[in-house]
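Q: Handing you this structure, nothing more for now.
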Amino acid sequence: MLNTLLMLKAVIIGAPGCGKGTISSRIIDHFNVKHIATGDILRSHIAQNTTLGLKAKEYMNKGLLVPDDLMIDLVKNEVKDLKCNYLLDGFPRTYDQAMALFKNHLSPNCVMHINVPKEVIIDRLSKRWIHPASGRVYNLDFNAPKKPGIDDITGEKLIQRDDDKPEAIKKRLETFDQTIKPLLDYYDNREVLDTFTGNTTDEIWPRIYEHLNIRIPPLKRLEPRNT
Ligand code: G5P
Ligand code: MG
């Protein structure tokens, strides 16, 4: 039986469109965990035309990874002083990023790898709409907004991401395939990796809930039909 963790330092990892953002929203709804999504942070820098945003945009729109040094500085600043449970979504993405966490005594104690078939992912991304200010994610088939093109909570407009164009999706998936193996091997050797395979978030989510439920106290119980 696993001991309850004093502090959860979790990572959610997986191909573009596998559902990291969607599952993260359910996690923060059910557990007291701070969600730090590097893609959302970068998109907010782009929207505000910061120096980092201008640099990151060149890479992101082409489906390429933003250079490690920029990402490592960004994440170190976000997590180094945190005293609460947190969930990194989209970091680390390379072995060097994982090493940077290690060197800064920030290695995760729970790595959740979401594994969804590629053909399922490509279909999803073309139908994704997001609310940029909150990072809320919708999909025309799976979780459509109540009013088309409008965020359910704020009533603000939804947008499509620039990197959800077919060429960028292809490149992002290729980049993922080229970088993921050493990262998974590394966390597997450290015995913190668990892989969750499935075609849908609804199928994967109860397993993630149970995985976290034995590590930290939940805010609410899992409702089987309405999560
Ligand atoms: P991001 O923002 O981290 P990606 O490419 O890793 O982007 P993405 O696209 O955000 O990942 P996701 O979060 O895994 O995907 O998936 P999601 O948004 O929850 O779900 C995708 C769609 O499927 C949504 O429309 C959702 O509603 C729908 N969906 C979910 N579940 C289901 C289901 O069961 N059924 C159906 N039908 N639909 C479903 O990073 C973006 C870029 O930032 C840079 C890189 O350039 C990267 O490409 N970046 C970094 N660069 C270097 N290092 C880092 N650490 C970086 N982090 C970000
Ligand atoms: Mg995401």
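Please treat every number below as a calculation from the coordinates, not as lab data. Everything quoted here is computed from the prediction, not taken from an experiment. Note that each Cβ is placed from the backbone with ideal geometry, even for glycine, and that neighbours are counted across all protein chains shown.
Q: Once R0 is set to 35 Å, what does the formula 1/(1 + (r/R0)^6) return for the Cβ-Cβ distance between residue 157 and residue 69, expressed as a FRET efficiency to the nearest 0.05?
A: 0.55
Q: Here's something else I'd like to know. Does a label point 7 Å from the Cα of residue 179, set along Cα-to-beta-carbon, have any residues of the range 47-61 with amide nitrogen under 18 Å, and which are they?
A: 52-61
Q: Also: What number results when the radius of gyration of the range 55-185, computed over Cα atoms, is divided by 2.2 N^0.38 Å?
A: Here the Cα radius of gyration is 1.17 times the empirical estimate.
Q: By average Cβ neighbour count within 10 Å, what is the ranking of 185-191, 20-26, 40-46, 62-68 from highest down?
A: Ranking, from highest mean packing down: 20-26, 40-46, 62-68, 185-191.
Q: What are the ³J(HN,Hα) couplings of the range 80-93, residue after residue, when phi is run through the Karplus curve with 6.51, -1.76, 1.60 and θ = phi - 60°? Round to Hz, x for glycine and proline.
A: 4, 9, 5, 10, 10, 4, 9, 10, 8, 10, x, 8, x, 10
Q: If you build a Gaussian network model of the chain, linking Cα atoms that sit under 10 Å apart, which residue out of 208, 150, 121 swings the most?
A: Maximum among the listed residues: 150.
Q: Which of the residue pairs 80/181; 34/220; 127/220; 76/181; 20/127; 127/170 have a Cα-Cα distance greater than 19 Å in the structure shown?
A: Table pairs above 19 Å Cα-Cα are 80/181; 127/220; 76/181.
Q: In addition: Once every Cα of the range 91-138 carries one equal point scatterer and solvent is ignored, give the base-10 log of I(q)/I(0) from the Debye formula at q = 0.33 Å⁻¹, two decimals.
A: Log10 of I(q)/I(0), two decimals: -1.11.
Q: Okay, next question. Where does each of 194-204, 109-119 land if you order them by average Cβ count within 10 Å, highest first?
A: 109-119, 194-204
Q: So, one more: Can you compute 3J(HN,Hα) from phi for each residue in the range 169-181, using the Karplus curve 6.51 cos²θ - 1.76 cosθ + 1.60 with θ = phi - 60°, rounded to whole Hz and x for Gly and Pro?
A: These are the phi-based 3J(HN,Hα) values: 4, 4, 5, 4, 5, 5, 4, 4, 4, 6, 10, 6, 4 Hz.
Q: Further question on the same structure: Quick check on the chain: what does the Kirkwood estimate of hydrodynamic radius come out to from the alpha carbon pairs, in Å? Each step should come with its number before you reach the end.
A: Details: mean 1/r = 0.0552 Å⁻¹.
Result for the chain, one decimal place: 18.1 Å.
Q: Between residue 34 and residues 5 or more places away or on another chain, which pairs have amide H atoms under 5 Å apart, with H built 1.01 Å from N, and which residues are they?
A: 85, 86, 87
Q: Let me ask you something else. By average Cβ neighbour count within 10 Å, what is the ranking of 28-35, 47-54 from highest down?
A: Going from most to least packed, we get 28-35, 47-54.
Q: For the range 66-102 and the range 125-199, write down the distance between their C-alpha centroids in whole Å.
A: If you average the Cα positions of each part, the centres end up 19 Å apart.
Q: Going by amide H atoms built from the backbone, whose H comes under 5 Å of the H on residue 156, apart from near neighbours?
A: Counting only residues 5 or more places away or on other chains, the set is 151.
Q: Could I ask something else about it? With only alpha-carbon pairs counted, each pair once and no self-pairs, how large is the Kirkwood hydrodynamic radius of the range 1-135 in angstroms? Numbers along the way, then the final one.
A: Values: mean 1/r = 0.0631 Å⁻¹.
After inverting the pairwise mean of 1/r, the radius is 15.9 Å.
Q: Here's another thing I want to ask about it. Go ahead and estimate [θ] at 222 nm for the chain from helices alone: -39,500 (n - 2.57) per DSSP H run with n ≥ 4, summed, over the residue count, rounded to 500.
A: After summing the helix terms and dividing by the residues of the chain, the value is -13500 deg cm²/dmol.
Q: Let me ask something else about it. In terms of modelled amide H atoms, which long-range or inter-chain residues lie less than 5 Å from the amide H of residue 11?
A: Amide H to amide H, under 5 Å and 5 or more residues apart or across chains, residue 11 pairs with 88, 110, 111, 112.
Q: Another question about this same structure. Which three extents, in angstrom, do the Cα atoms of the range 126-227 have along their principal axes, listed largest first?
A: Sorted from largest, the Cα extents of the range 126-227 read 44, 39, 24 Å.
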